[in-house]
Structures are given as C-alpha cells and as structure tokens.
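Enquirer: One structure, pasted below without further comment.
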Amino acid sequence: MLNVLANRTYRHLFFAQVIALVGTGLATVALGLLAYDLAGAKAGQVLGTALAIKMVAYVVVSPLATALLARFPRRRVLVTFDLLRLLVALMLPWVDAVWQIYVLIFLLQASSAAFTPTFQATIPDVLPDEEDYTRALSLSRLAYDMETLLSPMLAAALLAVVGNTMLFYGTAIGFLASALLVVSVSLPGPRDVPASSFRQRISRGVRLYLATPRLRGLLALNLVAAAGSSMVIVNTVVIVRESFKRGDSAVATALAAFGAGSMLLALSMPRLLKRFPDRALMLGGGAVLVACLLGLGMAWPQLLESPQAWPLLLAGWLLLGVGYAAIVTPSGRLLRRSANDVDRPALFAAQFSLSHVCWLLAYPIVGWVGARYGLQAAVLSMAAISIPGLLLAWRLWPRDDPETVAHEHPELPAGHPHWQAHGTEGRARHAHAFVIDDLHLRWPSR
C-alpha cells in the first residue's frame with residue numbers, strides 16, 4: 001500500500017494532509033480547554049454550538065467555494081486556505097469571549113470546507129491508475145484514524161510542559177507545514193469550466209450527484225455511517241463515565257477501539273476491493289453497522305450487567321469502526337467513476353456537503369435522545385435511522401452497475417462532435433464510460 005508514496009506529488013500532498021490533521025487535533029483539545037476556561041460548567045453547550053457551526057459551514061460553504069474557485073489554480077487555492085486556517089489558529093489564544101470562539105470556528109471550518117473538496121478532487125488527477133488511487137484512499141482513511149488516536153496523546157504530552165494556548169500555536173505550525181508541502185509540488189491546473197451562471201455552478205455538483213444511481217445509494221450509506229459514528233463520537237464519554245464508572249483513560253480506550261476497527265479495514269481495503277465489488281463491500285459495511293447498533297440496543301440492559309460488559313463494548317465499538325470504514329473509504333472511487341475531469345471538483349464538494357447533512361441530522365438526535373430517554377434509546381434511535389438508510393442504498397444502487405453503458409442521443413444532429421469522439425455516425429446506439437454531464441442529463445433506463 002505504501003508503494004503509492006513513490007509518487008512525489010502525492011507523497012507531499014499526503015504528508016500535508018497528515019500534518020494538517022494533527023494540527024486540527026491539537027486545536028480540538030485546546031478548544032475544549034478554552035471553552036471550559038470561558039464557560040465553566042456550560043463548556044459542553046459551547047462545544048455543542050461550535051460543532052453545529054462546523055457542520056453548517058461544511059454544508060453551506062463547500063458548494064459555494066467550489067463554484068467561486070473553479071477557475072483558480074488548485075495549488076493557489078490549497079495554499080490560500082491553509083494560510084487562512086493558520087491565521088485563525090494564531091488568533092484563538094487571544095480569545096476572551098464565547099462569541100469570539102464561534103466566529104473563529106466558523107472561519108476555520110469554512111476554510112476547511114473550501115480546502116478539503118479541492119484537495120480530494122486533485123488526488124485522482126495526480127494518481128490516474130485506479131489501484132494507486134485505491135491505495136491512496138486507504139492511506140487517507142488511516143491518516144484520519146491516526147489523527148483521532150495520536151492527537152490527544154500528543155496534546156497530553158505537550159500539556160505536561162506548556163499551557164493549553166500553546167496547542168493553538170502547534171496547530172498554526174501544522175497548517176504552515178501543510179502549505180509549504182503543497183507549494184513544493186506542481187498540481188494539475190483547473191479544467192475549462194462550462195459557461196454557466198453562478199447559481200447553476202453552485203447546484204451543479206448536487207444535480208450530477210442525485211442524477212447518478214450509485215451516488216444516490218452512496219448518500220443513503222452516508223446516513224448509515226453518520227448514525228454509527230455519531231453514537232460513538234457523542235455518547236462514548238457518557239457511556240464510559242456514567243454506565244461503566246471509568247475515567248478519562250477508558251474514554252480514550254473506547255475511542256481507540258473504534259479507530260482501530262476503522263484502521264484494520266482501511267489496511268485491508270486494497271486487497272478486499274480486488275475480490276469484491278464496491279457495492280458489495282460498502283453494503284456489507286452498512287450491514288455490519290446496522291447489526292451492531294441493533295444488537296447493542298436490544299441487549300443494552302443485559303450488556304451492562306454482564307461480567308464481560310467492558311470487553312463487549314470495546315468489541316462493539318471496534319465493529320462499528322469496521323463498518324464505518326467499509327462505507328467511507330471506497331466512496332472516492334465512486335465519485336471518480338461518476339464524473340468527468342471538469343465536474344469532479346463539484347461532485348466531491350457535493351459529497352462533502354451532503355454527507356455532512358447526514359451528520360448534522362444524526363448528531364443532535366443521538367445527543368438529545370440519549371440525554372432525555374437514556375443510552376439504550378440513543379443506540380436504538382441510530383439503528384432506526386441506519387436501517388432505512390441501508391435498505392434505500394440497496395434499492396437505489398443497482399446490482400448491475402457497469403462503467404460503460406449503451407445509450408442513444410436522438411436529440412443530437414448527425415455532425416455533432418460527440419459522434420466523432422466515439423467513432424459512430426448519425427444517431428446510432430453506442431457505449432462509453434457513462435457519467436452525467438451536459439450531453440447526458442439522465443441515466444439510461446435498463
């Protein structure tokens with residue numbers, strides 16, 4: 001899997017991603033401490049609001065930024081938003097009011113909402129070979145999981161010798177290093193964007209996404225992934241401290257179990273995708289998530305009374321991590337297959353935005369249900385969300401999903417360049433790698 005790092009451009013981009021993620025992890029820890037310093041017992045409310053602001057920024061800013069920046073060089077875009085995130089990180093140590101946290105978090109996450117889809121859409125152009133791209137997706141998943149595991153440990157080590165505000169400076173150093181690594185390589189330039197209004201460019205990615213059957217299935221699977229991961233992210237600390245009466249190290253252990261499951265699947269992904277199609281693997285991951293949530297929810301009282309309760313919880317969290325990674329890791333392959341070079345950034349932005357709509361739905365539900373009706377109800381509520389998501393994905397994503405699709409163009413004149421491009425004359429039925437674009441507005445019926 002590491003062979004893909006022999007590509008110098010991808011290697012620099014990958015390490016830029018890793019360093020920026022570590023910096024973001026440091027900022028997450030420091031933000032929690034800062035919220036407690038400013039709000040005391042209401043720190044949870046502050047962090048909950050900050051998380052909601054993050055999701056809103058991701059959902060709203062991503063398509064807007066993609067439409068605005070489509071014609072700009074990608075390297076300039078990535079470096080600009082790295083530097084903007086650096087400036088925000090440098091301002092966070094000087095915050096002395098809660099509202100300032102909200103403003104700076106919005107700026108930080110809005111910058112990430114512009115940076116991340118551009119970064120993700122660049123990798124397929126840097127690594128045109130599908131096997132190399134699959135390895136890159138697995139490495140990217142590992143980078144996110146390692147950030148989850150290592151950033152809190154690094155933060156704890158730093159806090160032993162420096163104050164919490166110094167963590168923000170560590171974040172700034174991470175974004176600076178990321179910008180320098182991006183500057184050090186040449187990236188593919190922007191594609192010629194079709195002439196259209198700004199409003200059309202904003203909605204283009206979503207329109208292409210929803211017109212593609214496999215991506216409609218992916219959207220439903222995003223809801224399953226959000227349900228499983230939201231249960232872990234929102235309620236792990238409550239479960240460990242209230243139900244198991246354990247301390248901070250146990251919280252870290254439970255989160256590490258989820259991350260370990262995700263990493264285990266990500267390491268196996270290149271081999272698995274050689275044996276199984278994307279659809280089978282991703283639906284299988286969704287089934288693991290649904291079964292795990294349903295099983296934990298139904299057996300929750302018995303689980304807590306079992307002498308093996310703690311190992312069983314860790315095993316459940318590990319399986320949730322496996323199912324989660326089985327859904328999210330191959331998703332870039334689907335996006336790559338479903339767009340031409342010009343529309344790829346818009347499609348990645350649509351995935352970024354729509355997937356975070358699912359998290360924006362799941363986060364408050366699992367938190368509110370857990371606080372009002374208990375943790376068993378919270379687990380079952382996520383199972384109730386994930387089951388229809390899995391069934392929709394199975395229904396919307398056709399089992400027969402070839403890349404090359406035979407179709408016709410009765411509306412095109414005989415001399416149209418499309419016929420010449422595919423070696424056909426007149427209005428003949430023909431086949432090629434099919435994606436939704438300006439000439440192919442609807443998916444062919446079976």
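Enquirer: Go over the candidates G295, G261 one by one and state the one that is closer than 16 Å to V322 by Cβ and within 25 Å of the chain's Cα centre (by Cα).
Expert: Just one listed residue meets the conditions, G261.
Table: residues versus (1) among the β-branched types (V, I, T); (2) more than 30 Å from L267 (Cα to Cα); (3) at pLDDT below 75.
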{"residue": "R8", "(1), (2), (3)": "no, no, no"}
{"residue": "L13", "(1), (2), (3)": "no, no, no"}
{"residue": "Y36", "(1), (2), (3)": "no, yes, yes"}
{"residue": "V61", "(1), (2), (3)": "yes, yes, no"}
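Enquirer: Can I ask one more? Collect the residues in region 58-86 that are more than 25 Å from V357 (Cα to Cα), without any contact (Cβ under 8 Å) to a residue 60 or more places away in the chain and not charged (D, E, K, R), keeping them in residue-number order. Break it down stepwise before answering.
Expert: Start the filter on region 58-86 by keeping residues that are more than 25 Å from V357 (Cα to Cα), which leaves 71-76, 79-80, 83, 86.
Retained after the next criterion (residues that are without any contact (Cβ under 8 Å) to a residue 60 or more places away in the chain): 76, 80.
T80 - this is the single residue of region 58-86 that is more than 25 Å from V357 (Cα to Cα), without any contact (Cβ under 8 Å) to a residue 60 or more places away in the chain and not charged (D, E, K, R).
Enquirer: For region 182-195, indicate whether the set of residues that are surrounded by 22 or more Cβ atoms within 10 Å (Cβ to Cβ) and either under 17 Å from Q120 (Cβ atoms) or at pLDDT below 90 (or both) is non-empty.
Expert: Taking region 182-195 first, the residues surrounded by 22 or more Cβ atoms within 10 Å (Cβ to Cβ) are 182.
From what is left, the residues that are either under 17 Å from Q120 (Cβ atoms) or at pLDDT below 90 (or both) are 182.
Within region 182-195 (the criterion being surrounded by 22 or more Cβ atoms within 10 Å (Cβ to Cβ) and either under 17 Å from Q120 (Cβ atoms) or at pLDDT below 90 (or both)), the answer is yes, since at least one residue qualifies.
Enquirer: With respect to R336, determine if the residue is under 30 Å from A67 (Cβ atoms) and of a type in the set (D, E, K, R). Full working, then the answer.
Expert: Working: under 30 Å from A67 (Cβ atoms): yes; of a type in the set (D, E, K, R): yes.
Answer is yes for this residue.
Enquirer: Considering every residue within region 360-383, establish whether at least one is touching a residue at least 12 places away in the same chain (Cβ under 8 Å), over 15 Å from V234 (Cβ atoms), of a type in the set (V, I, T) and assigned by TED's automatic domain parsing to the domain that holds G285.
Expert: Looking through region 360-383, none of the residues is touching a residue at least 12 places away in the same chain (Cβ under 8 Å), over 15 Å from V234 (Cβ atoms), of a type in the set (V, I, T) and assigned by TED's automatic domain parsing to the domain that holds G285.
The values are calculated or read from the model by the stated rules, or taken from the named source; none is laboratory data. This structure is a prediction, so every number in the text was calculated from the model and none was measured. We place every Cβ from the backbone using ideal geometry, glycine too, and count neighbours over all the protein chains shown.
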